[in-house]
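The values are calculated or read from the model by the stated rules, or taken from the named source; none is laboratory data. Note that this is a predicted model, so its numbers are computed, not measured. Glycine also receives a Cβ, built like all others from the backbone with ideal geometry; neighbour counts cover every protein chain displayed. Surface accessibility is based on the protein's heavy atoms, side chains included, excluding ligands, DNA and RNA. Shrake-Rupley method; radii C 1.70, N 1.55, O 1.52, S 1.80 Å.
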Amino acid sequence: MSGHVVVVGSVNMDLAVRTTRLPRPGETLMARSFHRSQGGKGANQAVGASRAGGAQVSMVGAVGRDADGEALVQALIGDRIDVGRVQRLDDQPTGVALITIDSAAENTIVVAAGANAAFVLSDLDREVIATADVVLAQLEVPQSVVLAAARGRGSGVPFVLNAAPSAPLEDGLLDEVDVLVVNEHEAIDLAGVSDLDQAIEILASRVPQLLVTLGARGARLLGRDGTELVVPAPRVEAVDTVGAGDTFCGVYAAGLAQGLTHLRALQRASAAASLAVQRRGAQDSVPTSAEVDKHVRTSYGPADE
């Protein structure tokens, strides 16, 4: 493995039910199945960077001192992720995500943050962050933590922010971002407009690089200098989209940490996400690096670096 990605973010236990359709307000539906699995956007992205991206990964986050927390930490260890900076909090439960998935693979998610909302960076956390080749974060932990992590990275080290779930950004956070990753809905929310093209134009002027994920339509990377890369997504039949965006982010960050071109990093991320949507679960669906390499060759051809 090469390249060191430090992921600062959430660690959750996912409780997922599958239904024929998503419930309407006030409605009760009978689930077709129930599944308990490891999740949290931060942990999912760490698994993506390690398992599919082939990077050395350190996780900075928090869980409760409970059975769920222990199970989640052990799962990260199983994916060769450094968990030395995953704090165990005595006075908070481990975070939980309640997920409903319909027959078209669409989903809704409600998160009870628990320990994710309570932790703050320690000096030891900052020491680990300072060793990163790429720092990757999301918004399921306090933005004050995300901002502190961004400011603690080494000189010239890219800070990649996946602005999810959607939320107004604290003053100063966007100024630290090197690559802002959003999907269509997040782009519109963050820009404060109703038109996607207008939202992309606004956001692309605010950060050095804007990466917009478009699901089955692929991804666009736009530079503040007017440069643009468009990478189509491999055509597949989706079974479960939970965690696919996190897989994308983790693999993309791993590619940057290993010195890949933006094009090849995007191709690997898109290939990994397209494999993930064909499987159920969040971390359970993340492919291996070998699977991604094979899918990249099939979908995009040999590397041109």
| query | FRET efficiency for Thr28 and Ala117, Cβ-Cβ distance as r, R0 = 30 Å, nearest 0.05? | reply | 0.55
| Under a 1.4 angstrom probe, counting protein chains only, how are His262, His295, His35 ranked by accessible area, largest first? | His35, His262, His295
| remark: Residues whose modelled amide H sits under 5 Å from the amide H of Gly3, counting only those 5 or more places away in sequence or on another chain, are Gln56
| query | Counting only complete DSSP H runs, which helices of the chain cover 18 Å or more along their long axis at the Cα atoms and score a mean Kyte-Doolittle of 0.5 or above? | reply | 244-257
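Per residue of the chain, what 222 nm ellipticity follows from adding -39500 (n - 2.57) for every DSSP H run with n ≥ 4, rounded to the nearest 500?
Here the helix-only value at 222 nm equals -9000 deg cm²/dmol.
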| message | Counting only Cα atoms, I'd like the Rg/Rh figure for segment 206-285, Kirkwood definition for Rh. | response | 0.99
| Rolling a 1.4 angstrom probe over the protein heavy atoms, how many square angstrom per residue are accessible across the chain? | 43
| remark: Rounded to whole angstroms and listed largest first, the alpha-carbon spread of segment 24-67 along its three principal axes comes to 45, 28, 19
| said: Starting from 0.36 nm per residue, how many nanometres of slack lie between Leu15 and Arg151 once their C-alpha separation is accounted for? | reply: 45.6 nm
| task | Treat each spin label as a single point 7 Å out from the Cα along the C-beta direction, and report the Leu263 to Arg36 distance in nm. | result | 4.8
| Accessible surface, 1.4 Å probe, highest first, among residues Asp14, Asp171 | Asp171, Asp14
| With charges set only on the Cβ (+1 for Lys and Arg, -1 for Asp and Glu), what does the dipole of the chain come to about its Cα centre, in debye to the nearest 20? | 800
| query | Non-local amide H neighbours of Arg153 (under 5 Å, H modeled in plane, Pro and chain starts lacking H): which ones? | reply | none
| field | For Ala62, distant residues with modelled amide H under 5 Å away | value | Val11, Gln87
| task | Normalising by the residue count of the chain, find the relative contact order in percent from Cα pairs under 8 Å and 6+ residues apart. | result | 20
| query | When N is the residue count of the chain, what does its C-alpha Rg come to as a fraction of 2.2 N^0.38 Å? | reply | 0.93
| task | Let me have the relative contact order for segment 1-127, percent, based on Cα pairs under 8 Å that are six or more residues apart. | result | 31
| request: Mind running the shape call on segment 182-223? Use the C-alpha gyration tensor, a ≥ b ≥ c as the square roots of the eigenvalues: rounded below 1.5 for a/c, prolate if a/b tops b/c, oblate otherwise. | output: oblate
| task | For Thr131, put the label point 7 Å out on the Cα→Cβ axis and report which residues of segment 19-58 keep their amide N under 15 Å from it. | result | 56-58
| remark: Counting only protein heavy atoms with a 1.4 Å probe and every protein chain in place, the carbon and sulfur fraction of the accessible surface of the chain in whole percent equals 50
| Which one of Asp79, Asp240, Asp133 has the biggest mean-square fluctuation once the chain is modelled by GNM with Cα springs under 10 Å? | Asp79
| remark: With R₀ set to 30 angstrom, the calculated FRET efficiency between the beta-carbons of Glu170 and Asp293, to the nearest 0.05, is 0.20
| said: Pairs of alpha-carbon atoms within less than 8 angstrom and 6+ residues apart define the contacts here; what relative contact order does segment 198-253 have, in percent? | reply: 23
